[in-house]
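Trainee: Right, I'll just put the structure down here and ask away after.
The values are calculated or read from the model by the stated rules, or taken from the named source; none is laboratory data. Bear in mind the structure is a predicted one, so any value in this text is a computation, not a measurement. Counting neighbours? That spans all protein chains shown, and the Cβs are built from the backbone with ideal geometry, glycine included. Keep in mind that these areas ignore ligands, DNA and RNA; they rest on the heavy atoms of the full protein, side chains included. Shrake-Rupley method; radii C 1.70, N 1.55, O 1.52, S 1.80 Å.
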Amino acid sequence: MKIHKLSIENIASLRGKHIIDFDDVTAESPLFAITGDTGSGKSTLLNCVSLALYGKHYKKNIVHYDMVTLGERSARVELFFSVRSEKYKAVFESTIRKTN
C-alpha cells in the first residue's frame, strides 16, 4: 500500500482543513520521517490513517467523537492510497449533536 494524500478537517487539536500530499513529500526520496515536538500532531496523523482505513484508532478509551476538535461540530478524514495499480479513497466522518 502506498499513501498518496491525507486530508483532515477538525481532528483533535488540528482545527480547520489540512492536506499532506505524500507524493510531493516522496518526490525526491521514498523515505521520510514524521517528526516534531511533543504535542505537535504526529500521533494524530497516524490516528487519521487508522480512522480512514478501519473506522477506529489505536487508543482504547477514546470514542470517535472525541477526535472532533473542541468547539467544532464535525470532523472529516480523507485518505487517498493505492495497492498495486488500483487507487482508493477511504473516508471517516464524525458529527456530534451537542456543543463540545
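Trainee: So Asn10 fits all but one of (1) open to solvent by 60 Å² or more (accessible area, probe 1.4 Å); (2) part of a strand (DSSP E or B); what number is the exception?
Mentor: Going through (1) open to solvent by 60 Å² or more (accessible area, probe 1.4 Å); (2) part of a strand (DSSP E or B) one by one, Asn10 breaks only (1).
Trainee: Tell me whether the stretch 73-83 contains one or more residues that are aromatic (Phe, Trp, Tyr), more than 16 Å from Met1 (Cα to Cα) and in contact (Cβ under 8 Å) with a residue 24 or more places away in the chain.
Mentor: No - not one qualifying residue is present in the stretch 73-83.
Trainee: So is Glu72 of a type in the set (Asp, Glu) and in contact with a strand residue (DSSP E or B) (Cβ under 7 Å, 6 or more places away or on another chain) or not?
Mentor: For Glu72, the condition - of a type in the set (Asp, Glu) and in contact with a strand residue (DSSP E or B) (Cβ under 7 Å, 6 or more places away or on another chain) - is met.
Trainee: With the condition kept exactly as written, say whether any residue in the stretch 73-93 is at pLDDT 90 or above, part of a helix (DSSP H, G or I), of a type in the set (S, T, N, Q) and open to solvent by less than 100 Å² (accessible area, probe 1.4 Å).
Mentor: Checked the stretch 73-93: no residue is at pLDDT 90 or above, part of a helix (DSSP H, G or I), of a type in the set (S, T, N, Q) and open to solvent by less than 100 Å² (accessible area, probe 1.4 Å).
Trainee: Now for a separate question. Can you name the residue in the stretch 35-68 that is within 22 Å of Asp21 (Cβ to Cβ) and not in a helix (DSSP H, G or I) and is also least open to solvent (accessible area, probe 1.4 Å) among such residues?
Mentor: Of everything passing the filter in the stretch 35-68, Gly41 is least open to solvent (accessible area, probe 1.4 Å).
Trainee: Follow-up question, since we're still on this one. Out of all the residues in the stretch 13-21, is one or more under 14 Å from Val68 (Cα atoms), at pLDDT 90 or above, open to solvent by less than 60 Å² (accessible area, probe 1.4 Å) and of a type in the set (A, V, I, L, M)?
Mentor: The answer is no; no qualifying residue exists.
Trainee: Within the stretch 35-55, work out how many residues are more than 22 Å from Glu93 (Cα to Cα) and at pLDDT below 90.
Mentor: Number of matching residues: 2.
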